[in-house]
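Structure first, commentary second.
The values are calculated or read from the model by the stated rules, or taken from the named source; none is laboratory data. Small disclaimer: the values here were computed from a predicted structure and weren't measured. Note: ideal-geometry Cβ built from the backbone for every residue, glycine included; neighbour counts use all protein chains shown. These accessible areas exclude ligands, DNA and RNA; they are computed on the full protein's heavy atoms, side chains included. Shrake-Rupley method; radii C 1.70, N 1.55, O 1.52, S 1.80 Å.
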Amino acid sequence: MAFSEATQTILKAKAKKGLTFAQIAEAAGCSEVFCTAAIYGQQTLSPEQAKVVADLLNLPVEAENDLKSIPFRGTNFSVPPTDPTIYRLYEIVLVYGDTIKALIHEKFGDGIMSAIDFRMDLDKKEDPHGDRVVITLNGKFLKYKTF
């Protein structure tokens with residue numbers, strides 16, 4: 001994975017301060033997932049949010065500017081991904097993609113789930129048989145238009 005210089009600077013500052021993504025997001029006033037995506041160069045923070053993060057982490061102006069610039073999304077890794085965690089998510093789509101598509105169409109009709117009007121949450125659920133990763137994808141349904 002090739003991360004920008006700004007992302008590397010932000011992650012080093014985060015580690016130096018001993019902060020979590022949740023703490024940074026709370027300070028910025030946005031969700032943990034959205035803030036983390038912005039730090040990794042995949043979302044755009046508002047100028048106010050970028051300033052809060054920059055001040056919190058003592059970031060240089062270049063890193064602050066990257067947080068509020070429009071990103072080239074999806075460019076951090078190759079397809080198929082090689083990182084095991086990211087590959088497992090890719091594998092889920094490969095194995096269950098047809099099922100997800102069929103169920104969306106059966107329940108909603110001909111359309112797609114938006115990745116723009118979208119929210120994702122990630123939680124940890126403790127379980128005596130091994131902790132569980134709970135990922136909730138919540139996207140607006142967009143019906144295909146007929147002409």
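In whole angstrom, and with the biggest value first, how far do the Cα coordinates of the chain range along each principal axis?
Answer, in whole Å and largest first: 50, 50, 29 Å.
At THR146 and SER46, where each label point lies 7 Å from the Cα along Cα→Cβ, what is the point-to-point distance in nanometres?
4.1
So how much slack lies between MET113 and ILE86, counting 0.36 nm per residue of separation and subtracting their Cα-Cα distance, in nm?
Computed gain between MET113 and ILE86 is 7.7 nm.
Round to the nearest 10 and give me the degree value, 0 to 90, for the angle of helix 47-57's Cα axis relative to the longest principal axis of the chain.
On a 0 to 90 degree scale, this one is about 60.
If you keep only loop residues by DSSP, which chymotrypsin sites (Phe, Trp or Tyr not before Pro) in region 54-96 have at most 14 other Cβ atoms within 10 Å of their Cβ?
Sites meeting the loop and neighbour criteria: PHE72.
Normalising by the residue count of region 4-88, find the relative contact order in percent from Cα pairs under 8 Å and 6+ residues apart.
Normalised by residue count, the contact order of region 4-88 is 28 percent.
Taking only protein heavy atoms and a 1.4 Å probe, what accessible area per residue, in Å², does the chain have with all protein chains in place?
73
Helix 84-108 versus the longest principal axis of the chain: what is the Cα-based angle in degrees, 0 to 90, to the nearest 10?
That works out to roughly 40 degrees.
Suppose each label sits 7 Å from its Cα in the direction of the beta carbon; what would the ALA102-GLN23 distance come out to in nanometres?
About 4.7 nm separates the two model spin labels.
Give me the three principal axis extents of region 1-68 from the C-alpha atoms, as integers in angstrom, largest value leading.
In descending order, the Cα extents are 26, 23, 22 Å.
How much of the accessible area of the chain, in percent, comes from carbon and sulfur atoms when a 1.4 Å probe is used?
Answer for the chain: carbon and sulfur cover 58 percent of the accessible area.
With a cut-off of 8 Å between alpha carbons and a minimum separation of six or more residues, what is the relative contact order of the chain in percent?
Averaging sequence separation for qualifying contacts and normalising by length gives 17 percent for the chain.
Between 0 and 90 degrees, rounded to the nearest ten: what's the tilt of helix 5-17 against the longest Cα principal axis of the chain?
70
Work out how much length LEU94 to ASN65 would gain on full extension: take 0.36 nm times their residue separation and subtract the Cα-Cα distance, in nm to one decimal.
6.8 nm
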